[in-house]
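The values are calculated or read from the model by the stated rules, or taken from the named source; none is laboratory data. Keep in mind it's a predicted model, so treat the numbers as computed, not measured. Please note: Cβ atoms are built from the backbone with ideal geometry, for glycine as well, and neighbour counts cover all protein chains shown. When the accessible area is computed, the model is the full protein with side chains, heavy atoms only, and any ligands, DNA or RNA have been set aside. Shrake-Rupley method; radii C 1.70, N 1.55, O 1.52, S 1.80 Å.
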Amino acid sequence: MAPIDDGHAVHYMSVPRGTPIYGSDEELVGKVVEVWDNYRENIMDGIVFETPDGVQRFVDAPEVARTAELAVTLSIPAAEAAQLAPPQGAPRHQGGPRRGGLGRLFKRR
């Protein structure tokens, strides 16, 4: 099997909805629904994805090996990813303008 052509590596917040996600075995796991960001620590919390049969699952950041232009690759095989739990709680920050910093300085809300 040829390696996945996923393009150049990109920041996790640049990964768009619908990007395919592959397991470490290069099997398709699903498509990105949203990327969760731990804003306070400026790190990825994880990715909510939808499996081919329409079930949403959450993969924690340590199981994400690579985010790229054309695909996300996990550090776990597809069979293990299929057993992940659904997302819990409210979505975390998902990009776009963040409140705080200069916005707080200029009193924008």
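Scan region 44-61 for residues that are within 11 Å of the chain's Cα centre (by Cα) and not in a strand (DSSP E or B) and report the count.
Selection size over region 44-61: 1.
Give the residues of region 15-39 that are modelled with pLDDT of 95 or more and among the hydroxyl-bearing types (Ser, Thr, Tyr), sorted by residue number.
Within region 15-39, THR19, TYR22, SER24 qualify.
Please verify whether region 60-74 includes one or more residues that are small (Gly, Ala, Ser) and under 20 Å from GLY89 (Cβ atoms).
Yes, because at least one residue in region 60-74 is small (Gly, Ala, Ser) and under 20 Å from GLY89 (Cβ atoms).
Can you name the residue in region 23-39 that is out of contact with any helix residue (DSSP H, G or I) (no Cβ under 9 Å at 6 or more places or on another chain) and of a type outside the set (Asp, Glu) and is also least open to solvent (accessible area, probe 1.4 Å) among such residues?
Among residues in region 23-39 that are out of contact with any helix residue (DSSP H, G or I) (no Cβ under 9 Å at 6 or more places or on another chain) and of a type outside the set (Asp, Glu), the one least open to solvent (accessible area, probe 1.4 Å) is VAL32.
Please verify whether ASN42 is at pLDDT below 95 and open to solvent by less than 60 Å² (accessible area, probe 1.4 Å), treating the condition exactly as stated.
no
Under 6 Å by Cβ, and 6 or more places apart or on different chains, what pairs join a residue from region 1-21 that is touching a residue at least 40 places away in the same chain (Cβ under 8 Å) and among the β-branched types (Val, Ile, Thr) with one that is open to solvent by 50 Å² or more (accessible area, probe 1.4 Å) and assigned to a loop (DSSP other than H, G, I, E, B)?
Going by the 6 Å Cβ cut-off, the qualifying pairs are ILE4/GLU26; VAL10/GLU69.
If I go through region 62-80 residue by residue, how many of them are outside any strand (DSSP E or B) and either closer than 16 Å to VAL35 by Cα or at pLDDT below 95 (or both)?
Of the residues in that region, 5 qualify.
If you take the residues in region 12-22 that are of a type outside the set (S, T, N, Q) and closer than 12 Å to ARG66 by Cβ, which one is farthest from the chain's Cα centre (by Cα)?
Per the criteria, the residue is TYR22.
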